[in-house]
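One structure coming up, written as structure tokens, with questions to follow.
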Amino acid sequence: MADITVTEHLLLHQKRTPQATGQFTGLLYDLILSGKSIARRINKAGLLDILGGTGEVNVQGEDVQKMDTIANRIMIYRMERCGALCAMSSEEEADLIRVGPEFPRGDYILIFDPLDGSSNIDINVDVGTIFSILRRPAGEKGEVRIEDVLQPGYQQVGAGYILYGPSTMLVLSTGQGVHGFTLDPGVGEFLLSHPDMKIPEQGYIFSVNEGYSRYWDDAAKEAVNWFHTTESFDGKPYSARYVGALVADFHRTLLRGGIYMYPAEKRKPEGKLRLMCEANPLAFLAEQAGGKASDGKTRILDKLPNKLHARTPLFIGSKKDVEAVERIYAKYEKA
Ligand code: AHM
Ligand code: MG
């Protein structure tokens, strides 16, 4: 197979209209560049004294890892200058970041988790950058309002992640399927390695932090128990896997099928994961790959965020596996 770079792939697949300004392609180009810069830092993290925490706590109340801060700064610096954005929201920043008048501005809004699973950095295990791209509502001009950003996930125009694993991979959808690209460090380019990715209809792996089962309600307990007690499509029991980095657990789910679950807890009634920067982009990819994403009752992409850092329970992966969970939640709804 001839090597197809991500830029070539985008140029071939972007719908071309006379109104197209190239903003979107430019946005993706700078996102990819940010990802490459972060990957470079991560590769050398053990040598650069950037492991460990900063001693600060972020807006989510979690310890800020040094590499989190570096990834966040790289993303903001590069993306602010890309010319395609009017605003950004980062998991690490409490407020909306409006692109100032000193920079060229565009019509897009970028929501991102600069380094998902960052507690894995110190143990040299996979982490990633997750991103969601929205378009500013038509006709809106001037200062971006928070209401312009709080859009349901089905309005995303693009979403993806860059996984910093044994190799660095970009997984991307602009609404025409999901495509995976692997970074060739020798040439510094992402090359198409996984065209048109599809999640198997049913998997054989479930992924959840069972250490917290005491905090779950009965529906969540029964849903997880379903995977303990039901045979997978091959007549064997489901296997358990949990990296503890959503982006890595999702990547496995996309390739192998199965389900990733982060249910609501009594101590976290909205769940832990962020709707806009984690659940929505991965739900967009899951659906584009033929899978499903739900909070147990509602399709993730239909949820209207009530604030930038809104959280949601998440069940994501193979269609049949997510539907099994939804059937259990529906039973408890009726009761
Ligand atoms: P983070 O964005 O601060 O890294 O938090 C989100 C992470 C997910 O990547 C992961 O799936 C989950 O938190 C793990 O949480 P827990 O340790 O509660 O199982
Ligand atoms: Mg995260």
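Looking at the range 200-292, which GluC sites (Glu not before Pro) are in a loop (DSSP not H, G, I, E or B) and have at most 16 other Cβ atoms within 10 Å?
201, 270
Oh, and also: Using the Cα centre of the chain as the reference point, and only Cβ charges (+1 on K/R, -1 on D/E), how large is the resulting charge dipole? Debye, rounded to the nearest 20. Spell out each step's value before the answer.
On the way: 39 positive and 44 negative charges, 86 e Å.
Computed charge dipole of the chain: roughly 420 debye.
Modelled label-to-label distance, residue 194 and residue 218, 7 Å Cα→beta-carbon offset: nm?
3.9
With label points built 7 Å along Cα→Cβ from the Cα atoms of residue 233 and residue 3, find their separation and express it in nm.
Result for the modelled spin labels: 3.4 nm.
Can you tell me which of 191-200, 114-123 comes out highest on packing, and rank the rest after it, using the mean Cβ neighbours within 10 Å?
Highest-to-lowest ranking by the protection proxy: 114-123, 191-200.
Also, I was wondering about something else. Give me the percent relative contact order of the chain, please, defined on Cα pairs under 8 angstrom at least 6 residues apart.
15
Per DSSP helix of 4 or more residues, -39500 (n - 2.57); summed, then divided by the residues of the chain. What does that give at 222 nm, rounded to the nearest 500?
Roughly -9000 deg cm²/dmol at 222 nm, from the helical runs in the chain.
Hey, another quick one. Would you please classify the overall shape of the range 225-289 from the alpha carbon gyration tensor, given that a ≥ b ≥ c denote the square roots of the eigenvalues, rounded means a/c under 1.5, and beyond that prolate means a/b larger than b/c while oblate covers the rest?
Since a/c reaches 1.5 but b/c is at least a/b, the shape of the range 225-289 is classed as oblate.
Determine the gain in length on full extension of the stretch residue 25-residue 225; use 0.36 nm per residue of separation and subtract their C-alpha separation, reporting nm with one decimal.
The residue 25-residue 225 span can extend by a further 67.6 nm.
Same structure, new question: Out of the trypsin sites (Lys or Arg not before Pro) in the range 55-101, which ones are loop residues according to DSSP with at most 14 other C-beta atoms within 10 Å?
Those satisfying the criteria are 81.
For the range 252-284, state which trypsin sites (Lys or Arg not before Pro) are in a DSSP loop and have at most 12 other beta carbons lying within 10 Å of their beta carbon. Mind showing how you got there, number by number?
Values: sites: 252, 256, 266, 267, 272, 274; in loops: 266, 267, 272.
Passing sites in the range 252-284 are 266, 267.
Grab the Cα-Cα distance for residue 102 and residue 268, subtract it from 0.36 nm times how many residues apart they are, and report the gain in nm with one decimal.
Between residue 102 and residue 268, full extension yields 55.7 nm more.
For the chain, rounded, prolate or oblate, judged on the Cα gyration tensor with a ≥ b ≥ c (square roots of eigenvalues), a/c < 1.5 rounded, else prolate if a/b > b/c?
rounded
So, one more: Given the Cα-Cα distance of residue 210 and residue 56 and 0.36 nm per residue of separation, how much length would full extension add, in nm?
52.6 nm
Nothing charged except the Cβ atoms of Lys and Arg (+1) and of Asp and Glu (-1): what's the magnitude of the dipole of the range 221-331 about its Cα centre? Round to the nearest 20 debye. Spell out each step's value before the answer.
Details: 20 positive and 13 negative charges, 63 e Å.
Here the range 221-331 has a charge dipole of around 300 debye.
Distance cut-off 20 Å, Cα to Cα: go down the list 236/297; 221/320; 44/66; 297/320; 266/319; 44/272 and report the pairs above it.
Result: 236/297; 266/319; 44/272 exceed 20 Å.
Taken together, the values in this text are just the output of simple stated rules run on the coordinates, not laboratory data. All of these numbers come straight from a predicted model, not from anything done at the bench. Cβ: placed from backbone, ideal geometry, glycine included. Neighbour counts: every protein chain shown.
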